[in-house]
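I have placed the structure first, in the form of structure tokens, so that the comments after it can refer back to it.
The values are calculated or read from the model by the stated rules, or taken from the named source; none is laboratory data. None of the values given here were measured: they were computed from a predicted structure. FYI the Cβ positions are ideal-geometry reconstructions off the backbone, even for glycines, and counts take in every protein chain you see. Accessible surface is based on the protein model in full, side chains and every heavy atom, while ligands, DNA and RNA are left aside. Shrake-Rupley method; radii C 1.70, N 1.55, O 1.52, S 1.80 Å.
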Amino acid sequence: MERAKIEQAVNSIFINRFEFEAEELTADKRIFEDLELDSLDVVDMIVGLQQKFGVQLRENKDIRAARTLGDVYDVFEKLIAEHPEIEQKLAE
């Protein structure tokens, strides 16, 4: 899957759940400092990502370590490479 499609899918969670504008969402944006999400928002983000991508993230150490949007994109790039069926979920 192309990186741009992953970015678009991840960004859609931030647009729909937190009302960010697409232009605000770049790989270098820090989740806590720049986007000003708090711990409850991060839980909501993870739930949204789980629903969007059809994967469980509760025990995923990479998503827990994510500090920027780029980190989140990287997590899903890796997950899709390991589990190509995730890409099908996005096509639905």
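Ignoring any ligand, DNA or RNA, what whole percent of the accessible area of the chain comes from carbon and sulfur when the probe is 1.4 angstrom? Display every interim value, and only then the final one.
On the way: 2620 of 5750 Å².
The value for the chain is 46 percent carbon and sulfur by accessible area.
Quick one: angle between helix 69-82 and the longest Cα principal axis of the chain, in degrees between 0 and 90, rounded to 10, please.
10 degrees
When ranked by the protection proxy of mean other Cβ atoms within 10 Å per residue, highest first, what sequence do the peptides 68-79, 22-33 form?
68-79, 22-33
Sequence-distant or interchain residues sharing an amide H contact under 5 Å with LEU35, placed H: which?
Distant-sequence amide H within range of LEU35: ARG30.
Sequence-distant or interchain residues sharing an amide H contact under 5 Å with THR68, placed H: which?
ILE31
May I ask for the angle, rounded to the nearest 10°, between helix 39-53 and the longest principal axis of the chain, with both axes built from Cα atoms and the value confined to 0 to 90°?
30 degrees
Residues with beta-carbon under 15 Å from that of LEU37, excluding LEU37: net charge, scoring Lys, Arg +1 and Asp, Glu -1? Provide the component values of the computation, followed by the final result.
Working: positive: ARG17, LYS29, ARG30, ARG64, ARG67; negative: GLU19, GLU24, GLU33, ASP34, GLU36, ASP38, ASP41, ASP44, ASP71.
Once positives and negatives cancel, what remains is -4.
Please say if the chain is rounded, prolate or oblate, where rounded means a/c under 1.5 for a ≥ b ≥ c the square roots of the C-alpha gyration tensor eigenvalues, and otherwise the choice is prolate for a/b larger than b/c and oblate otherwise? The partial results should precede the final answer.
Working: a/c = 1.57, a/b = 1.36, b/c = 1.15.
It comes out prolate by the Cα gyration axes.
Cross-link partners among lysines for LYS61, C-alpha distance below 21 Å, same-chain residues fewer than 8 apart left out?
Answer for LYS61, where 21 Å is the Cα cut-off: LYS29, LYS52, LYS78, listed by chain and number.
Quick check for you: with a 1.4 Å probe and neighbouring chains kept, what is the accessible area per residue of the chain, in Å²?
Working: 5750 Å² over 92 residues.
Using a 1.4 Å probe on heavy atoms only, each residue of the chain averages 62 Å².
Based on alpha-carbon atoms only, what is the radius of gyration of segment 1-48 relative to the globular estimate 2.2 N^0.38 Å?
Working: Rg = 10.5 Å, N = 48, 2.2 N^0.38 = 9.6 Å.
That ratio works out to 1.10.
If you average the sequence gap of Cα pairs under 8 Å that are 6 or more apart and divide by the length of the chain, what percent do you get for the contact order? Let's see the in-between values first.
Numbers: 73 pairs, mean separation 34.7, N = 92.
After rounding, I find 38 percent.
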